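The values are calculated or read from the model by the stated rules, or taken from the named source; none is laboratory data. Source: prediction; values computed, not measured. Because the Cβ atoms are built from the backbone with ideal geometry, glycine has one as well, and the counts that use them run over all protein chains shown.
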Amino acid sequence: MKKLTILSIICFIFSTSIFANIDKNEKPFVIPELKHWEGYEGTFKINSKTKIIYTKDYQVFSEIACQFSSDIEKMSGMKLRTGHDKSSEGDIVFNINNDLKDEEYEICINEKIEIKANSRRAAIWATRTILQIAEQNNFTLPKGFIKDYPDYEMRSFMLDCGRKFIPISFLHEYVDFMAYYKMNTFHIHLNDNGFKQYFNNDWDKTPSGFRLESDFFPGLASRDGYYTKEEFIELQKHAERLGIEIIPEFDVPAHSLAFVHYRPELGSEEYGSDHLDLFKDETYNFVDSLFMEYLSSDEPVFRGQRFHVGTDEYSNKDSLVVEKFRYFTDYCIRLAESYGKQACVWGALTHAQGVTPVKVDNVLMYAWYNGYADPKTMMDLGYDLISIPDGLTYIVPAAGYYYDYLNCEYLYNNWTPAQIGNQKFEEMHPQIKGGSFAVWNDHAGNGISTKDIHYRVFPAMQTMATKMWRGIETELPYEEFNQKRQNLSDAPGLNIAGHYSGEAKSLINIYLLKPNKNIAKKTGIREIGFEYSVSFDIEYQEEEKGTILFESRDAVFYLSDPIQGKLGFARDGYLNTFNFKFYPNEKLNITICGDKEATYLYINGELSETLDKQTQFHNEGKSKMYYVRTLVFPLEKTGDFKSKIKNFEVRNECK
């Protein structure tokens with residue numbers, strides 16, 4: 001009888017504990033995954049009456065409140081009032097908490113939403129969390145308490161703008177995109193060059209890029225695209241407002257063909273023209289002036305606390321050049337420090353083993369390949385590291401080596417910044433400051449577009465953001481994470497991929513292309529992303545070469561291309577045409593389909609041509625390059641054409 005009574009009590013306690021928690025809200029899905037969540041009962045609805053309130057004693061909250069209100073308006077159309085009035089039920093309130101760390105924040109969602117933080121960056125991260133929850137639930141948030149902070153202080157993405165020019169507008173969008181996922185470091189690789197085997201083994205014909213306006217060296221900036229100093233400064237200011245540090249990089253003394261194209265006497269005759277000659281005084285004078293132009297003055301072009309000086313993949317043919325490379329690396333580190341910057345370097349000191357000292361203190365080394373810089377050895381020397389193992393975190397689009405798309409499932413289940421190549425260190429090792437992943441545009445001229453890059457980066461950004469914030473302790477299985485992550489956008493008001501939700505349906509009404517009323521007609525939709533079809537009936541009237549059907553900021557689709565008068569498109573400086581020209585007065589149904597592999601032309605419902613990845617051979621057939629011919633279809637405005645277009649439809653599917 002006594003046993004039965006004890007058992008009854010245990011069952012009662014167990015059952016009441018279950019029922020006590022049955023109405024508690026489950027942890028909402030956010031990228032990166034929240035560290036701590038305590039669910040309450042009920043929900044909080046952000047609506048047009050919600051005010052964003054901040055203390056007037058902490059002015060930075062005013063700026064963040066305005067940014068937050070703008071983001072909500074982009075996502076919902078609601079414009080919330082901001083101020084430092086007394087808050088009431090239904091408001092969102094910012095408060096400072098001096099006990100919290102730099103990126104740590106708290107959110108209490110109850111009758112109000114109260115955000116507590118001790119820095120601008122942490123307060124920004126809190127707003128990203130709220131926006132992500134709101135985006136998935138029509139601005140209805142589960143009540144509960146959040147306490148969140150990262151495992152690693154630097155969570156980075158690197159973009160190679162040297163081999164492929166990336167428009168400044170895209171970089172601004174990537175600042176917003178990275179901030180939405182609490183990535184706090186944007187590493188911009190500003191100079192590089194192609195590989196000469198793809199250009200008749202001729203350095204003079206091998207493309208190179210230096211992407212900044214220069215007053216010291218007029219003509220150094222690349223003709224196919226560069227950033228003015230003012231543009232680059234504004235990009236950094238934009239990033240600062242969203243809690244992101246931009247680390248600019250000049251890659252010297254290798255990967256330096258752009259400088260040698262400008263001044264041929266700087267090139268090494270022995271090691272190749274992409275190598276600066278480290279035995280010439282002119283090289284050091286040039287580097288002195290280059291660094292001075294962008295790092296000196298009270299308001300330098302490079303605003304952040306760090307500057308990356310490259311120092312990667314130079315020849316180690318003999319001890320003489322190794323010692324000179326080590327001297328040059330130390331020289332660049334100290335030169336950057338003379339301007340108040342922390343120097344960042346690519347790990348190369350195992351590859352360049354020698355006796356010439358290279359500064360260690362306060363130098364941040366990017367550990368990318370253990371054969372070039374053994375991580376344990378570098379840590380024993382005293383270097384702090386960024387974990388960016390090439391075999392796991394390098395994207396090289398359409399190259400046929402490294403990753404075209406990162407293996408996100410493997411990374412999610414296995415990787416953290418503590419894993420560098422085949423070496424595993426303790427989690428949150430004090431010398432591992434964070435992690436990074438990279439897009440390298442190795443194959444200059446291979447047709448890759450910024451849209452192609454984004455389709456590769458988007459799932460990687462979501463995955464890597466999670467792993468650098470949460471480390472190994474992710475709670476969701478990858479399958480669930482992968483399904484849920486697709487419900488989140490690039491950032492408030494941002495749709496780089498051109499995706500539209502819902503079933504396949506017409507996105508643009510037919511009236512937009514009525515005959516004689518189509519000139520420069522804006523549609524309200526910039527573009528349609530991969531897995532699309534665009535179809536229309538056409539009665540073709542003879543058009544001038546260069547006649548546009550549709551255009552957007554990033555692409556043009558031609559009824560008659562500028563060279564041959566064929567159906568085709570241009571984006572990112574590449575013109576691609578179908579082997580098809582209209583006859584005068586011809587009546588046809590045209591459908592263009594696009595996915596991440598190819599662009600397809602259908603005529604009267606039959607597949608006519610596929611512009612897929614071309615294989616191009618160089619260097620007497622020894623070197624292979626894949627040329628990409630994808631298109632995110634432009635829809636922003638129509639062109640000036642004479643042909644009659646009817647039954648125009650855009651659908652979220654590719655035949």
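Some notes on this structure:
- The residues of segment 80-124 that are charged (D, E, K, R), in a loop (DSSP other than H, G, I, E, B) and either free of Cβ contacts under 8 Å to residues at least 12 places away in the same chain or under 20 Å from Phe44 (Cβ atoms) (or both), listed by number, are Asp85, Lys86, Glu89, Asp91, Glu111, Lys112.
- In segment 322-365, the residues that are aliphatic (A, V, I, L, M), surrounded by fewer than 17 Cβ atoms within 10 Å (Cβ to Cβ) and in contact with a Lys or Arg (Cβ under 9 Å, 6 or more places away or on another chain): Val355
- Any hit, segment 553-576, residues being closer than 30 Å to Asp202 by Cβ, out of contact with any Asp or Glu (no Cβ under 7 Å at 6 or more places or on another chain), touching a residue at least 24 places away in the same chain (Cβ under 8 Å) and polar (S, T, N, Q): yes
- Criterion applied to Ser119, Ser169 was being assigned by TED's automatic domain parsing to the domain that holds Gly435, of a type in the set (S, T, N, Q) and surrounded by fewer than 24 Cβ atoms within 10 Å (Cβ to Cβ), and the one residue passing it is Ser169.
- All positions within segment 373-409 that are touching a residue at least 40 places away in the same chain (Cβ under 8 Å) and in a strand (DSSP E or B): Asp384, Leu385, Ile386, Ser387, Tyr394, Ile395
- Residue within segment 424-432 that is touching a Gly at 6+ places or on another chain (Cβ under 6 Å), in the same structural domain as Thr474 (by TED's automatic domain parsing), under 24 Å from Gln342 (Cβ atoms) and surrounded by 22 or more Cβ atoms within 10 Å (Cβ to Cβ) present: no
- Within segment 364-401, the set of residues being small (Gly, Ala, Ser) and farther than 22 Å from Pro248 by Cα comprises Gly371, Gly382, Gly391, Ala398, Ala399, Gly400.
- Qualifying position, being in a helix (DSSP H, G or I), of a type outside the set (Lys, Arg) and at pLDDT 95 or above, among Asp452, Asp442: Asp452
- Out of Asn25, Asn47, sole residue that is in a loop (DSSP other than H, G, I, E, B) and buried (at least 17 other Cβ atoms within 10 Å of the Cβ): Asn25
Every residue, every condition in (1) within 33 Å of the chain's Cα centre (by Cα); (2) buried (at least 17 other Cβ atoms within 10 Å of the Cβ); (3) at pLDDT below 80; (4) among the acidic types (Asp, Glu), yes or no:
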| residue | (1), (2), (3), (4) |
| --- | --- |
| Leu4 | no, no, yes, no |
| Ile18 | no, no, yes, no |
| Phe29 | yes, yes, no, no |
| Tyr58 | yes, yes, yes, no |
| Phe68 | yes, yes, no, no |
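- Candidate set: segment 161-191, residues that are out of contact with any Asp or Glu (no Cβ under 6 Å at 6 or more places or on another chain) and among the charged types (D, E, K, R); chosen: the one farthest from Ala117 (Cα to Cα): Lys164
- Of the residues Asn589, Asn585, the single one that is surrounded by fewer than 20 Cβ atoms within 10 Å (Cβ to Cβ) and not in a strand (DSSP E or B) is Asn585.
- Answer from Glu597, Glu609, Glu649, Glu653 - the residue that is modelled with pLDDT under 90, surrounded by fewer than 20 Cβ atoms within 10 Å (Cβ to Cβ) and closer than 27 Å to Pro397 by Cα: Glu653
- Selection from segment 269-308 of residues that are in contact with a Pro (Cβ under 8 Å, 6 or more places away or on another chain) and among the aromatic types (Phe, Trp, Tyr): Tyr294, Phe302, Phe307
- Selection count, segment 441-459, where residues are under 17 Å from Thr185 (Cβ atoms) and surrounded by fewer than 21 Cβ atoms within 10 Å (Cβ to Cβ): 0
- When every residue of segment 74-91 is checked against the conditions, at least one turns out to be more than 26 Å from the chain's Cα centre (by Cα), of a type in the set (S, T, N, Q), within 25 Å of Ala239 (Cβ to Cβ) and modelled with pLDDT of 95 or more.
- Of all residues in segment 307-358, those satisfying the criterion of being assigned to a strand (DSSP E or B) and of a type outside the set (A, V, I, L, M) are Phe307, His308, Gly310, Gln342, Cys344, Trp346.
- Filtered residues of segment 165-217 (kept if part of a strand (DSSP E or B) and either of a type in the set (A, V, I, L, M, F, W, C) or out of contact with any helix residue (DSSP H, G or I) (no Cβ under 8 Å at 6 or more places or on another chain) (or both)): Thr185, Phe186, His187, Ile188, His189, Phe210, Leu212
For (1) outside the structural domain of Val60 (by TED's automatic domain parsing); (2) over 20 Å from Arg121 (Cα atoms); (3) over 21 Å from the mean Cα position of the chain (by Cα), each residue gets a yes or a no:
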{"residue": "Cys161", "(1), (2), (3)": "yes, yes, no"}
{"residue": "Ala179", "(1), (2), (3)": "yes, no, no"}
{"residue": "Lys182", "(1), (2), (3)": "yes, no, no"}
{"residue": "Phe199", "(1), (2), (3)": "yes, yes, yes"}
{"residue": "Lys205", "(1), (2), (3)": "yes, yes, yes"}
{"residue": "Ser222", "(1), (2), (3)": "yes, yes, yes"}
{"residue": "Ala239", "(1), (2), (3)": "yes, no, no"}
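Results for (1) assigned by TED's automatic domain parsing to the domain that holds Leu80; (2) of a type outside the set (D, E, K, R); (3) modelled with pLDDT of 95 or more, shown as yes or no for each residue.
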{"position": "Gln136", "(1), (2), (3)": "yes, yes, yes"}
{"position": "Asn191", "(1), (2), (3)": "no, yes, yes"}
{"position": "Lys196", "(1), (2), (3)": "no, no, yes"}
{"position": "Ser208", "(1), (2), (3)": "no, yes, yes"}
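- Comparison of Asn137, Asn110, Asn118 shows that the only residue that is farther than 26 Å from Ile244 by Cβ and under 29 Å from the mean Cα position of the chain (by Cα) is Asn137.
- Residue pairs whose Cβ atoms lie under 7 Å apart, separated by 6 or more positions or on different chains, with the first residue in segment 334-360 and more than 20 Å from Asp288 (Cα to Cα) and the second hydroxyl-bearing (Ser, Thr, Tyr) and part of a helix (DSSP H, G or I), are Thr350/Thr377; Gly354/Ser319; Thr356/Tyr327.
- Among the residues here, Glu480 qualifies as outside any loop (DSSP other than H, G, I, E, B), free of Cβ contacts under 8 Å to residues at least 40 places away in the same chain and over 12 Å from the mean Cα position of the chain (by Cα).
- Taking segment 410-433 as the range and being aliphatic (A, V, I, L, M) and not in a loop (DSSP other than H, G, I, E, B) as the test, the residues that pass are Leu411, Ile420, Ile432.
- Any hit, segment 125-137, residues being surrounded by fewer than 18 Cβ atoms within 10 Å (Cβ to Cβ), part of a helix (DSSP H, G or I) and without any contact (Cβ under 8 Å) to a residue 24 or more places away in the chain: no
- Per-region count, segment 538-552, residues assigned to a strand (DSSP E or B) and either more than 28 Å from the chain's Cα centre (by Cα) or without any contact (Cβ under 8 Å) to a residue 24 or more places away in the chain (or both): 5
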